[in-house]
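Participant: Pasting a structure below so you can have a look.
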Amino acid sequence: MTLLLLPLAAIFCLVTAVRRLLFRIGLLRVVGLDVPVIVVGNISVGGTGKTPLVIWLAEKMRQLGFKPGIVTRGYGGNSRQWPREVAPDTLASEVGDEALLLSRRTGCPVYAGPDRATVAQRLLADHPCDLIISDDGMQHYALGRDLEIAVIDGVRLFGNGLCLPAGPLRERSRRLAETDLVIINGAANGDRHSMRLKAAEAVALDGRGEARALGGFNAGPVHAVAGIGHPERFFKLLEGSGLTIHRHSFPDHHPFSADDLQAFEGQTVLMTEKDAVKCELFAQPGHWYVPTTAEVDPGFENALVAMTERFRDGQKTA
């Protein structure tokens, strides 16, 4: 099948390269903002850990004295109007799971919509932010950027190295040479930076606010539910905490309903935080979610701080 898709993959690579070139030479318009823009993205489809890194990045920028706002696609949202401001009580069905998660975890102004440039302009019109973080925005070239961070899955890397639809790549791997920082979710590779996802507890999904250490679930098997780009990462995280699990994978951004969890009635279920925002309306006492946080290596943090220093002086693109 891969061989049959090679011509389509070649066309996809060519189209993406030509489109990027058109933005670079000015034939397609790039919208520049009055504040610095940091883009976090990847060159492959599927989960690489962008959302936890965006959460970490927002907090780091606040520590450095910035007032960040976040723009995101709102993938999976059925809102009839974009851009949309995302509040902690916004429905995930309207703005997508990642947008709602970013709003709740960061406390930053979060706006969602397919046109990143328009979304960012709307956010800045409504809030006094002095920096924009674009979640999953590497291929949205209409939005000008001052710093690019690419996230790579440390297990899957670049798959078979082919572009869609024959492989997982949105752009060829050489595109990484043009980014400012590359970070691998997993073990470091060569001179590239690394991050890992940590989890210490699970939180009750039924609104009680109860939290329990993950070790408290090791008395017997639990049902692990994940509708993310790389479910195996979540499953291994739980097993790494000493838990015995039954794996239940769903498609990325799966629109969960009560029927999906009906088979687990009366049993313990652990799910990702991204899935939990779609399940809280029908959660049962045995349903828990596991918040994760990104931990980056010191070299990445130091490089990021050095690169953002120029923003303080009113300098944007270096």
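Participant: Report, ordered by the first and then the second residue, all pairs with beta carbons closer than 9 Å, sequence separation of six or more or different chains, a first member in the range 251-276 that is farther than 18 Å from ASP206 by Cβ, and a second member that is exposed (fewer than 14 other Cβ atoms within 10 Å of the Cβ) and not basic (Lys, Arg).
Facilitator: ASP252/GLY46
Participant: OK, next. Can you name the residue in the range 189-199 that is surrounded by fewer than 16 Cβ atoms within 10 Å (Cβ to Cβ) and at pLDDT below 90 and, of all such residues, is nearest to LEU157 (Cα to Cα)?
Facilitator: Of the residues in the range 189-199, the ones surrounded by fewer than 16 Cβ atoms within 10 Å (Cβ to Cβ) are 189-191, 198.
Filter again for at pLDDT below 90, leaving 189-191.
Working: ASN189: 10, GLY190: 13, ASP191: 15 Å.
Per the criteria, the residue is ASN189.
Participant: Taking the range 279-300 on its own, how many of its residues are within 27 Å of MET195 (Cα to Cα), out of contact with any Lys or Arg (no Cβ under 7 Å at 6 or more places or on another chain) and of a type outside the set (Gly, Ala, Ser)? Working first, answer last.
Facilitator: First, pick out the residues of the range 279-300 that are within 27 Å of MET195 (Cα to Cα): 288-300.
Now restrict to residues that are out of contact with any Lys or Arg (no Cβ under 7 Å at 6 or more places or on another chain): 288-291, 294, 296-300.
Applying the additional criterion that residues be of a type outside the set (Gly, Ala, Ser) yields 288-291, 296-298, 300.
Qualifying residue count, the range 279-300: 8.
Participant: Six or more apart or on different chains, Cβ under 8 Å: which pairs go from a residue in the range 48-67 that's more than 25 Å from PRO231 (Cα to Cα) to one that's among the aromatic types (Phe, Trp, Tyr)? Could you list them?
Facilitator: Here the result reads PHE66/PHE311, each pair linking the range 48-67 to a residue that is among the aromatic types (Phe, Trp, Tyr).
Participant: Also, I was wondering about something else. Would you mind listing the strands (runs of 3 or more DSSP E) fully within the range 219-318 where at least 2 residues are surrounded by 15 or more Cβ atoms within 10 Å (Cβ to Cβ) and within 16 Å of the chain's Cα centre (by Cα)? Show your work before the answer.
Facilitator: Values: elements: 222-226, 245-249, 269-272, 287-290, 293-296.
Passing ranges, in order: 293-296.
Participant: Same structure, new question: Would you check if there is a residue in the range 64-74 being outside any loop (DSSP other than H, G, I, E, B), in contact with a Phe, Trp or Tyr (Cβ under 6 Å, 6 or more places away or on another chain), buried (at least 19 other Cβ atoms within 10 Å of the Cβ) and not aromatic (Phe, Trp, Tyr)? Step through it out loud before you land on a result.
Facilitator: First, pick out the residues of the range 64-74 that are outside any loop (DSSP other than H, G, I, E, B): 68-72.
Checking which are in contact with a Phe, Trp or Tyr (Cβ under 6 Å, 6 or more places away or on another chain) leaves us with 71.
Then drop every residue that is not buried (at least 19 other Cβ atoms within 10 Å of the Cβ), which leaves 71.
Those left that are additionally not aromatic (Phe, Trp, Tyr): 71.
Yes, the range 64-74 contains a residue that is outside any loop (DSSP other than H, G, I, E, B), in contact with a Phe, Trp or Tyr (Cβ under 6 Å, 6 or more places away or on another chain), buried (at least 19 other Cβ atoms within 10 Å of the Cβ) and not aromatic (Phe, Trp, Tyr).
Participant: Go through the range 28-50 and give me each residue that's assigned to a loop (DSSP other than H, G, I, E, B) and either among the small types (Gly, Ala, Ser) or at positive phi (or both). Please lay out each step first, then the result.
Facilitator: First, pick out the residues of the range 28-50 that are assigned to a loop (DSSP other than H, G, I, E, B): 28-30, 32-36, 42-43, 45-49.
Within the range 28-50, GLY32, GLY46, GLY47, GLY49 meet the criteria.
Participant: Checking the conditions here, which among VAL155, VAL151 is surrounded by 21 or more Cβ atoms within 10 Å (Cβ to Cβ), in the same structural domain as THR48 (by TED's automatic domain parsing) and of a type in the set (A, V, I, L, M)?
Facilitator: On the way: VAL155 fails: surrounded by 21 or more Cβ atoms within 10 Å (Cβ to Cβ).
Testing whether each residue is surrounded by 21 or more Cβ atoms within 10 Å (Cβ to Cβ), in the same structural domain as THR48 (by TED's automatic domain parsing) and of a type in the set (A, V, I, L, M) leaves just VAL151.
Participant: What single numbered condition from (1) over 26 Å from ASN185 (Cα atoms); (2) free of Cβ contacts under 8 Å to residues at least 24 places away in the same chain fails to hold for PRO285?
Facilitator: It fails just one condition, (2).
Participant: How about the range 86-128: which of its residues are over 18 Å from THR293 (Cα atoms), more than 14 Å from the chain's Cα centre (by Cα) and surrounded by 20 or more Cβ atoms within 10 Å (Cβ to Cβ)? Show your work before the answer.
Facilitator: Looking only at the range 86-128, we keep the residues that are over 18 Å from THR293 (Cα atoms), and these are 86-96, 109-128.
If we keep only those that are more than 14 Å from the chain's Cα centre (by Cα) too, we end up with 86-95, 109, 111, 113-128.
VAL86, THR90, ALA92, VAL95, PRO109, TYR111, GLY113, ARG116, ALA117, VAL119, ALA120, LEU123, listed by residue number.
Participant: Among the residues of the range 1-51, which ones are touching a Cys at 6+ places or on another chain (Cβ under 8 Å) and among the hydrophobic types (A, V, I, L, M, F, W, C)? Explain how you work it out, then say what you get.
Facilitator: We begin by selecting, within the range 1-51, every residue touching a Cys at 6+ places or on another chain (Cβ under 8 Å); these are 9-10, 12-13, 16, 35.
The answer is ALA9, ALA10, PHE12, CYS13, VAL35.
Participant: Out of LEU21, LEU53, I need the residue that is in a helix (DSSP H, G or I), out of contact with any Gly (no Cβ under 6 Å at 6 or more places or on another chain) and not assigned by TED's automatic domain parsing to the domain that holds ALA99. Which one? Even if it seems obvious, please write down each step before you answer.
Facilitator: Numbers: LEU53 fails: not assigned by TED's automatic domain parsing to the domain that holds ALA99.
None of the others qualify; the one that does is LEU21.
Participant: List every residue pair whose Cβ atoms lie under 6 Å apart, where the two residues are 6 or more positions apart in sequence or sit on different chains, the first residue falls within the range 208-235 and is closer than 17 Å to GLN267 by Cβ, and the second residue, located anywhere, is exposed (fewer than 12 other Cβ atoms within 10 Å of the Cβ).
Facilitator: ASN218/GLY242
The values are calculated or read from the model by the stated rules, or taken from the named source; none is laboratory data. The structure displayed is predicted, hence computed values, not measured ones. Glycine gets a Cβ as well: all are built from the backbone with ideal geometry, and neighbour counts include every protein chain shown.
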